[in-house]
Amino acid sequence: MLPLQRLIFRVKRFFLRFSISCYKRHKFNRLFRNCLILIVGLLILNIINGVLFSTILFFQESSDEPDYDLDTRPYYKTIEMKKRFDISGNYLIVQNFMQYQSNLTNNAHLLALNLHTNIENLHLLLNHTKVWDGPISLSIYVKSIRASDDIDYASIWLRCNRRLFKVLNIHLVISATAYERSISNQHHSHNIKYAVSCQHLTYINHTEETDSTPYPSNLLRNIARLGTTPSTVQYILTLDIDIFPVSDLFHHLVSFYTQIKLIEEFNRTLYVIPAFEIHIDTVKRGTLLPQNKRELILLWNDNQLQPLQADVCPTCQFLTNYQAWKQEASEDKIVPLFRPHYSQPWQPYYIGPKDVPTFDARFKSHAHARISQCCESFMAGYDYVVLNNVYLYRLGFLDKSQLPATEFMDDDTSVLLFDQFREDLAKHYLNTTRKYMEREEIINSIDTHLINAPPSRTIKNRLKNFLGFPKSINSEYIIDDEQCSWSSNTLLCATVFLEDAVNYQCITHKITEKYLLIHRWFSSPMIKKIHQIMLITNLCLAFFERPSSFSETSDVRDKPHRINFPFFILMIVEGVTLVWFSIYIFAKIMCVGIKQIQRRFWIIIFLIVVIYSSCEWFVMLVFLNQLYHGIRLRRIFRPVFMIESSPLMKKAFQALNANSLTIIASISLALIHILFFAAMAMFLFPRSDNRPDSQGSTYFSNLHDAVLHLLVLHSTANNPDVMMPAYSDYRLNALFFIIFVIIGIYWIQNIVTAVVYRAFRGYFLSSIINSQLRRRIAVRASFEILKQRMTYGGLIETRDTVPISVVQTVLNYASINKWHTKWISERLSELMLENETINLDQYSNTMKLLDLNPKLAPELHIQALGDNILDRCKAICRSKYFDLIGTIFAILSVLFVTIEVSNRPVNTDYMDLVAFTLPMAIANCCFLLYFALEIILKAWAFGPLNFFRSSTMHILEATVAFTCFILQILFLVIHGTPIVSMIYLEMVKKQKPIFSLWAAIKVCNMLFIYRLVRFLPASKNIRIIVGTIFDEFRNGGAFFGLLFSFYYAYSILGMELFGGVMDDFYIRYNKSNITICGTYEQLEYWPNGFDDFYSSIITLYNVMVVNQWDVFVDGFRNATNSYWSELYFIFWYLFVTNIGLNVCLALSGDIHDAKKQRADQNEELIVSNMYDIYRSQIKEPSSEEITEQLNKHPYINFCQRSAEGINLS
């Protein structure tokens, strides 16, 4: 025996002995040993994870190792190759002296940080790289006659800290004096190698060297901006090296700009970030720096920090209005606070687009260096907006003794330069209308542009909002400054029109106060939910009404015992739903009006069905009793209630109706084709009395049989059975059937498919365009209503603008999604900073925010990670490798479960089963424990709310993992072993149906296969297919509802026609005891029938699949002894099976084409609604089209103007 075979034999013997001992010993001992094995398996998994993650930890380690024999000559060669002089000739510029690149996170390329410094303060760069995860561009100024030593130091220092940089571009600005004396010949040297240690690297300041060239601050800022990479950077924050961003500022700004881009490109706005000074003693005491606005205010109140330049130049930061910023509420996200009108000497730190005017290089170490650029930006058309909840800070209070004379505001050189700058600025911007504000206007500009916080809501209002109650409007709105007011009815009408826009509803309803209130209530979320409950209740009654669907089986051979529910309770429930439908339809008629109802087909149908159902219900309740089993037609019409409540289902019916004649013509062509070939078959295959098995005797004995069998052949359900007798007689007879199938299926059937496909081609796009038109009309109508106001003299006045405060009031009253309300309110607040009124274009653009999908802009704030051990562990848990390892374990777990389950019937002996499956069962237990720990670690790394809100897959993953883990623990506690119990195997052998705990664990364990879905979007074509499938199920509710309506009505009709016929047929079959092969009786199709609603649906489903549907036709024809019963199934096949499947084909094709277009445009493929799918194909309706539709309003004359106004009485 080979050594390997002996080893395998010993392992098997060990597991066999262990399994026998576990089986004989006490349950507690077995449980204890299994737990030990489980712990050992977990330790092995942890060792594997440690080995895999150690590499990641190694690469994330900061490097303190020495760099030996560092040759700096290549850096001087770079200087020689890239050097250029500035315009003045006093400075030499080296662009992109050094570059460090690494992969950035998503959207990290959006923002860049520009810095400038001298060699002495280079170490402050680390404070920026720790908190800024985006690109950084740094300009370094080098001077003195020993500048080469400074460059050597900078090169070595940057190399030592290279692993802390993500995307860093280094630029040099060297004084011409320093270059000539110290640098120009360094690249020719042969002795510039350093043996250095990064841990002991220090900077030596050459203060004894003299170089009178001033520090070119603005030139450095421009060079840093010019060297910003990558090219995708859109916004830039320019700071001094000693001004530090707060932690998470970068991620807050990315989230802020990402959300802004969903609405509009704010390319003319500069967002100001307040800056503070922290007392140096606070830092020396080891006090933690403030991490948010709340902590900052605490230090502010304790006088441990102050606004920037408070002691040096208080007016330089005056317009930032620190006191107003301090009083505003602190939140977790960035919000615009106020928009000050620029006035020098304000010099804020701001983030803005990269095309903002550059800094004037004439200013060097001057007080007006940044003021000049802020002034020019304002004159160029940029506006300043102060942001809340973010800030910058500097360590140490600025003192006048620390600044050179040129940095004071009263410095003569700086003042003269700024005067010259202003003259040049006036010449450059001749056509601008902007000017500086006077000093006394500054305070007023700040006060009037503050954004007020929304008022707090009471518990009563919160409860009303939760239940979906519409907010009441009981008072008018008065503006004293304009001496005018808006009546409560005007506000109510505008609010209702705005809610119609939200719900894509038509506005052609009455506008008096009573009818507006009725319309608003019946359009509220609460009433809609009640209506949905009534619809579901009314439709589900078919399962409970006699004969009920609640029985163990529907097989007539078993004579199923049905649970019969009380007749009067069902009648009361149905009566309640009918009363609700009556109130619903009469309220809609009251709001729309009798004349308008005559044009609404579905409202008329709804009314007729309600009246008829109520009458039949009343007759059933009063004059008949529960013993009545006659016809109940009202049940067939119940889907009408559902169709009328769904605009998409009504449009689907309209699409069918518009092409009904073409569809009927194509189906008629197919029937003529079948009839023609049936007549030909009777001639070609005549009936033979001598041969009862001939083609004419079996399938084409008469015209009825010939047509029916060829119709079945048209669906290929009886192919090749129908051809065999003729083909066995003569081989060329097969050509008849081949020609029939080719013409019928590959030509005529494709014509039917093309007709239905054309009918529904573009159905979604046209319905979305119509819905968008209704929304635009409703928005326009609400604005037209708000344009009219009543003056104090009692006159009606109409203006072209509306106060924003009035719009905000209407928005607060309207029932709108919180997400949309927040965005619209923020947009209105920004518009209020410019003007207190809003015109039609601004109002329409603001309300276009209703088109945005909240699911495409999740407000998830993922916390940035630092360099400590915990943050590095979080980085590991967030990495894709951690997720990949879990997916590999999931695949192994599913594989082990599959082997374990498949081996159960193979091993008849329990001991053999234990020996084979025990290792896999233990491994599976370890996997389940790992999956539970994986979810916990991911939730810890991302944050529980962020992790579970980011994807529904995470919720599913956590549910499956913890369910499996809990079930496995219960199984171990009960049975003491992870393998299947002998009791369950004995019950399976006795064929007793049981769903044991072990089976539940394995079924739940198999659900881990869903993790493979994450790899599907790897290919673009697969993403298109997956997106089509998801959106077809998500947005195909109208088609599925339409198909359900046909199922429902046709099932009830089948119950009325064929209810109980199979019971009589089975009795006759038992008496005759004659069985023919291939018939309903021989195939034992007895559970299929129309004895109850559930079995009716299953029977129609089996017919729709068309496999053996001719057996159902023959069976019910024999059961009823009537050929007319065949028409029921033939119509179902022709009009539901053919048309329904072709409609689904049209739906899939339409969505797939839209997905393909989105894929070509590199847009998101899996979205949540149809509007986002077709967004690029939707064109905005023109103003003339909206005006034309408004003028057709039956109750408002929108053409009425000026003094008369719009009559709302």
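The values are calculated or read from the model by the stated rules, or taken from the named source; none is laboratory data. Please read all numbers here as calculations on a predicted model, not as lab measurements. Heads up, the Cβs are rebuilt from the backbone with ideal geometry, glycines too, and the neighbour counts pull from every protein chain shown. Remember, those area values only see protein heavy atoms, side chains included, never the ligands or the DNA or RNA. Shrake-Rupley method; radii C 1.70, N 1.55, O 1.52, S 1.80 Å.
Below is a table of values for the structure above.
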| read-out | value |
| --- | --- |
| Relative packing of 110-121, 536-547, 292-303, which averages over residues the other C-beta atoms within 10 Å, highest first | 110-121, 536-547, 292-303 |
| Sorted peptide list for 243-249, 1061-1067, criterion being average Cβ within 10 angstrom, highest first | 243-249, 1061-1067 |
| Cβ-Cβ FRET estimate between Arg162 and Asp412, R0 fixed at 45 Å, reported to 0.05 | 0.50 |
| Which listed pairs, of Lys82/Lys130; Lys166/Lys354; Lys130/Lys822; Lys166/Lys284, have C-alpha distances above 23 Å, in listed order | Lys82/Lys130; Lys130/Lys822; Lys166/Lys284 |
| Förster radius 41 Å - calculated FRET efficiency between Leu517 and Ile955 (Cβ-Cβ, nearest 0.05) | 0.55 |
| Length added when fully stretched, Asn812-Glu1188, from 0.36 nm per residue minus Cα-Cα | 132.4 nm |
| Over 26 Å (Cα to Cα) - which of Lys818/Lys874; Lys528/Lys1192; Lys528/Lys848; Lys83/Lys400; Lys874/Lys1156 fall in this group | Lys818/Lys874; Lys528/Lys1192; Lys83/Lys400; Lys874/Lys1156 |
| Net length gained if the chain between Leu703 and Asn657 were fully extended (0.36 nm per residue, minus Cα distance) | 13.3 nm |
| Gained length - Leu403 relative to Lys77, 0.36 nm times residue gap less alpha-carbon distance | 113.8 nm |
| In sequence order, calculated HN-Hα J values of region 571-587 (Karplus, 6.51, -1.76, 1.60; Hz; x Gly/Pro) | 5, 5, 4, 5, x, 4, 5, 5, 4, 4, 4, 5, 4, 4, 6, 6, 5 |
| FRET E, pair Leu126, Thr553, Förster distance 56 Å, beta-carbon r, rounded to 0.05 | 0.15 |
| Accessible area of Leu337 in the full protein assembly, 1.4 Å probe (Å², nearest 10) | 0 Å² |
| Heavy-atom accessible area order for Arg84, Arg634, Arg225, largest first, 1.4 Å probe | Arg84, Arg225, Arg634 |
| Cα principal axis extents for region 484-577, largest first, Å | 81, 25, 18 |
| Region 1026-1160: radius of gyration over Cα atoms, expressed as a fraction of 2.2 N^0.38 Å | 1.32 |
| Of every Cα-Cα pair in region 524-645, the percent that sits beyond 17 Å | 61 percent |
| Packing-based ranking, highest mean first, of 655-664, 414-423 given that Cβ atoms within 10 Å are counted | 414-423, 655-664 |
| Heavy-atom accessible area order for Glu797, Glu1084, largest first, 1.4 Å probe | Glu1084, Glu797 |
| Asn839-Asn868 pseudo-label distance in nm [points 7 Å out on the Cα-to-Cβ vector] | 5.5 nm |
| Calculated from backbone phi, Karplus (6.51, -1.76, 1.60) coupling profile of region 154-164 in Hz, x at Gly/Pro | 4, 5, 5, 4, 5, 5, 5, 10, 4, 6, 8 |
| Computed label-point distance, nm, for sites Ala734 and Asn770 using a 7 Å Cα→Cβ extension | 5.1 nm |
| Distance between modelled label sites at Gln95 and Tyr1094, nm, 7 Å Cα→Cβ extension | 7.7 nm |
| Under Karplus coefficients 6.51, -1.76 and 1.60, residue-wise ³J(HN,Hα) of region 1134-1146 in Hz, glycine/proline x | 5, 9, 9, 5, 5, 5, x, 5, 5, 5, 5, 5, 5 |
| Solvent exposure, largest accessible area first (probe 1.4 Å, DNA, RNA and ligands not counted), of His128, His561, His975 | His561, His975, His128 |
